[in-house]
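Here is the structure we will look at.
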Amino acid sequence: METKKIINILPTKEGFFGEYGGQFLPEGLKAEFDKITEAFLKYKDDPIFNKELNDLFKYYAGRPSPVYHCKNLSQKYGAEIYLKREDLNHTGAHKINHCLGEALLAKKMGKKKIIAETGAGQHGVATATAAALMGLECDVYMGEIDIEKAKPNVDRMRILGANIIPVSEGTRTLKEAVDAAFNAYTKEYETAIYAIGSVVGPHPFPMMVEHFQSIIGKEAREQMLDLTGSLPDHIVACVGGGSNSIGLFSGFLDDESVKIYGAEPLGKGDKLGDNAASITYGKKGILHGFKCLLLQDENGNAANAYSVASGLDYPGVGPKHCYLHDIGRVNYETISDIEAVRAFYELSRTEGIIPALESSHAVALGLKLAETFQGDKILINLSGRGDKDIEFVMKNYPLK
Ligand SMILES: *Cc1c(COP(=O)(O)O)cnc(C)c1O
């Protein structure tokens, strides 16, 4: 008998998935990242750590999140459509999964503070929440433009006790916020930990964030088996940095019958600066301490990424996604702003669920697959709820 291929690999000791990932760090920081790696590897198999984390998942975040069969959409589109409801987590998205994990690890390592960056504020809110819960200080670096745009999240973070540190460099958005947070961390690493917002950054962050997000795929696989008696034919998630998607995919990568799709943001089109589809349009490059497929100009500088969903507009993408793309295990397709907004309204009106604009990209791709693969079972990761997007959508894409 043929032995089963294991596709769901861990990175090498140096943090590489194929040629992607690694640790491209300033001299002084290498030792500190090695300490984080060591602590993570120790605690991830520690029964007490895992009991604490699982209790937080269950009693604090509200896990397991349900898998819901969309009867109305299924009837309308001719395939069986299921949603993994990460929107029902405390704070309204999947980000709380890895923030709780990282904050618990910070506690165990004796750190006093969490440093984070945020774009639209989602990662900042999840980090501030976990920090408040664990009695840690929290510094959130945020571009001045984003501070203006995402006022409710700024207020939320302040209520939760976080310090918001405005970043006035460059485009004054996410990319510069990451640089600023990283700079601060190089000065404070003895007492602070850096909590990155996705499966990006230097090793061990891609591996660590994936580990904490893999609860999504683990639950979803069991829930689909319980609910339907078999695995889904297709699974779909949106890809920004790639954490909610890798969390779902990790549960199914070794199931050869399951086809896997990532929805990348096409934004306004295929021109550089108009989208954030790093796998589709990127070339190999290094950003924020790791190697990945990167949207870049002819001089190799990271481009400004754009998507209607601000949680998706990062010019790079997690190294494992680049690897999974190269070996052909995951299909990465693009979804435009307009398609995402249409899916936003469609799910709201057909099922009574308002999705985040990020998650709407996954919904849009899932509905396309339904039209092609009639009768198949399609599982879509609903990474977050749309409350944060309501004002923006009403202003820019009003009801006709
Ligand atoms: C941040 C965010 C994303 C994108 O991040 P990934 O790391 O790609 O998962 C997707 N959906 C929601 C709701 C988010 O807040």
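No lab work stands behind these numbers, since they all come straight from the coordinates. Keep in mind it's a predicted model, so treat the numbers as computed, not measured. Every residue, glycine among them, receives a Cβ derived from its backbone with ideal geometry; neighbour counts consider all protein chains shown.
Structure data summary
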item: Sequence-distant residues sharing a close amide H with K259 (under 5 Å, placed H); result: H234, I235
item: Which listed pairs, of K218/K320; K268/K320; K42/K107; K71/K388; K368/K395, have C-alpha distances above 20 Å, in listed order; result: K268/K320; K71/K388; K368/K395
item: Principal axis dimensions, largest first and in whole angstrom, of segment 71-114 by Cα; result: 53, 15, 10
item: Cα centroid of segment 5-31 to Cα centroid of segment 90-128, whole Å; result: 22
item: Extreme residue, positive dipole direction of segment 227-318, given options H234, V317, A303 (C-beta unit charges); result: A303
item: Most positive-pole-ward Cα, A106, G92, Q122, against dipole of segment 1-158 from beta carbon charges; result: G92
item: Alpha-carbon centroids, segment 206-224 and segment 271-285: separation in whole Å; result: 27
item: Gain on full stretching of the segment that runs from K271 to D326 - 0.36 nm per residue minus C-alpha separation; result: 17.5 nm
item: Kirkwood Rh, angstrom, segment 161-276 [1 / mean 1/r, Cα pairs]; result: 16.8
item: GNM result for the chain, Cα springs below 10 Å: residue of Y20, Y261, Y281 fluctuating most strongly; result: Y281
item: Beta bridge orientation in the chain: antiparallel %, DSSP, nearest 5; result: 30
